[in-house]
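Novice: Quick one: the structure is below, and I'll ask about it shortly.
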Amino acid sequence: MALAQMQPAASGLGQAMKALTGRYTEKTFDWDAFPASRDFPELARAQMRYVGGGGSPKANDPATLPAGRFTFSMVHQPPGKFAASHSHEVVEHFLILQGVLTVGWVWGDEVIEARLAPGDLVLNKLGRPHGFRNDGVEPVLMQITVGSGKPEPPVYVCHPRDKGIEAAKRFGAGSPDKIYAFDPSSADFRQRELAQHLVRYRDRIPVWNDAGFASMTYIGENGAPPQHYRMEMIHLPKGAGIKAYSRDVEDVYFVLDGVVTVGWEEDGKVVEQRLGARDLVFNPAGRAHYFRNDGAGDARFTMVVGSPAPETVAFAAA
């Protein structure tokens, strides 16, 4: 787009866009995001909030963007630390960005554990107790989305204050022999349930859109079953871009690699911002918006859409 067509960033539209952009370099990790972890160093983890409070009660943090149908945050977990098993009244996903995370799903005093690598995702289903632990040698960093703008506090099923550190580290398994490794080929209904909600990056098949980008569905058709929202990973080649579109629900772009230019349009006005790695933009319902790759290499970003319904947008190349 010609520079003469661009509106100053100080315009009302530009200010609105800036207000709904989360810059990684302007945020900090909160090591006291989860009050239930206080006084238990084994539970240490930090949260960086982008949209809403996520699993933290700090939903009114002025540094975060207001949540609509879902929240969006990152969590950093050091090696050797764990999160006690708990459940939510809504779905919640973990997308691994760095490190290897052990996730445990709980059935009574039995637990199935799965290890997730970068690019892997688990969608923790409504009401299913789960915990997570870093058994690796490097910190785990993950993207977390909860399927409500204001989720209820988690309900703990095995917290160290009640059951002790060792039992809590096993996520409530009665003994080590009641922990089972994840096996997607198993006929056990519990294994099959977890397999339906766990997505491996290595198994995703990119689908190329006529508009010039590829998408890999993580939550939605051919991915984990959508309930409150859906999510795709977008591969945007250098030089590719799309024309503006709008939805009747919000969507969010979170950049993983490269640089993505995002534009908003309104009444003939256009404003743009460039997003780098771990930057985010919240595109409100009804807002005409687009993306383009002006960088020197390909880019990747996740797109979370505030509806579980199949895609209705017919993307067109710019």
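The values are calculated or read from the model by the stated rules, or taken from the named source; none is laboratory data. Source: prediction; values computed, not measured. All Cβ positions, glycine included, derive from the backbone under ideal geometry; neighbour counts span all protein chains shown. Just the protein is used for accessible areas: all its heavy atoms, side chains included, with ligands, DNA and RNA removed. Shrake-Rupley method; radii C 1.70, N 1.55, O 1.52, S 1.80 Å.
Novice: Using a ≥ b ≥ c from the Cα gyration tensor of the chain (square roots of the eigenvalues), is it rounded, prolate or oblate, where a/c under 1.5 gives rounded and otherwise the larger of a/b and b/c decides, a/b for prolate?
Specialist: prolate
Novice: Something else about it: Have a look at Pro79, Phe40, Ser56 and report the one farthest towards the positive end of the charge dipole of the stretch 33-87, computed about the Cα centre with Cβ charges (Lys/Arg +1, Asp/Glu -1).
Specialist: The Cα lying farthest towards the positive end belongs to Ser56.
Novice: To the nearest Å, what is the center-to-center distance of the stretch 24-57 and the stretch 212-248, using C-alpha atoms only?
Specialist: Spelled out, the Cα-based centre of one part sits 28 Å from the other.
Novice: Summing -39500 (n - 2.57) over the DSSP H runs of n ≥ 4 in the chain and dividing by its residue number, what mean residue ellipticity at 222 nm do you reach, to the nearest 500 deg cm²/dmol?
Specialist: The helix-only estimate for the chain comes to -2000 deg cm²/dmol at 222 nm.
Novice: For Ser307, what residues show an amide H to amide H distance below 5 Å, using hydrogens built from the backbone and excluding near sequence neighbours?
Specialist: Under 5 Å from the amide H of Ser307 lie the amide H atoms of Arg230, each far enough along the sequence or on another chain.
Novice: Across the stretch 80-96, in residue order, what do the Karplus-derived ³J(HN,Hα) couplings come to in whole Hz, using 6.51 cos²θ - 1.76 cosθ + 1.60 with θ = phi - 60° and x for Gly and Pro?
Specialist: x, 9, 9, 10, 4, 5, 7, 9, 10, 7, 9, 6, 8, 10, 10, 10, 7
Novice: Pick from Pro129, Pro184, Pro139: which is most flexible by mean-square fluctuation in a GNM of the chain where alpha carbon atoms under 10 Å apart are linked?
Specialist: For the chain, modelled as a Gaussian network with Cα springs under 10 Å, the answer is Pro184.
Novice: Show Lys150, Lys178, Lys163 ordered by accessible area, largest first, where the area counts protein heavy atoms only and the probe is 1.4 Å.
Specialist: Lys150, Lys163, Lys178
Novice: What aspartates and glutamates sit close enough to Lys238 to cross-link, taking a C-alpha to C-alpha distance under 20 Å and skipping anything fewer than 8 places away on the same chain?
Specialist: Asp210, Asp257, Glu272, Asp279, Asp294, Asp298
Novice: Measuring with a 1.4 Å probe in the full set of protein chains, what accessible area per residue, in whole Å², belongs to the chain?
Specialist: 43 Å²
Novice: Counting other C-beta atoms within 10 Å, and keeping those with at most 15, which DSSP coil trypsin sites (Lys or Arg not before Pro) do you find in the stretch 218-318?
Specialist: Those satisfying the criteria are Lys238, Lys243.
Novice: Here is a follow-up. Compare Trp208, Trp107 by solvent-accessible area with a 1.4 Å probe and give them largest first, with all protein chains kept in place.
Specialist: Trp208, Trp107
Novice: Another question, if that's okay. Going by the alpha-carbon gyration tensor, a ≥ b ≥ c the square roots of its eigenvalues, is the stretch 55-139 rounded (a/c under 1.5) or, if a/c is not under 1.5, prolate (a/b greater than b/c) versus oblate?
Specialist: Oblate.
Novice: Of Asp162, Asp279, Asp298, which is the most mobile in a GNM of the chain whose springs link Cα atoms less than 10 angstrom apart?
Specialist: Result for the chain, Cα springs under 10 Å: Asp162 fluctuates most.
Novice: Explain nothing, just compute: Karplus ³J(HN,Hα) = 6.51 cos²θ - 1.76 cosθ + 1.60, θ = phi - 60°, for every residue of the stretch 269-282 in order, whole Hz, x for Gly and Pro.
Specialist: My calculation for the stretch 269-282 gives 9, 9, 10, 9, 9, 9, 10, x, 4, 6, 8, 9, 10, 9 Hz in order.
Novice: Taking the dipole about the Cα centre of the stretch 164-235, with the C-beta of Lys and Arg at +1 and of Asp and Glu at -1, give me whichever of Pro225, Gly172, Tyr201 is farthest to the positive side.
Specialist: Highest projection toward the positive end goes to Gly172.
Novice: Further question: Which of the three applies to the stretch 83-130, rounded, prolate or oblate, going by the alpha-carbon gyration tensor with a ≥ b ≥ c and a/c under 1.5 meaning rounded?
Specialist: The shape class here is oblate.
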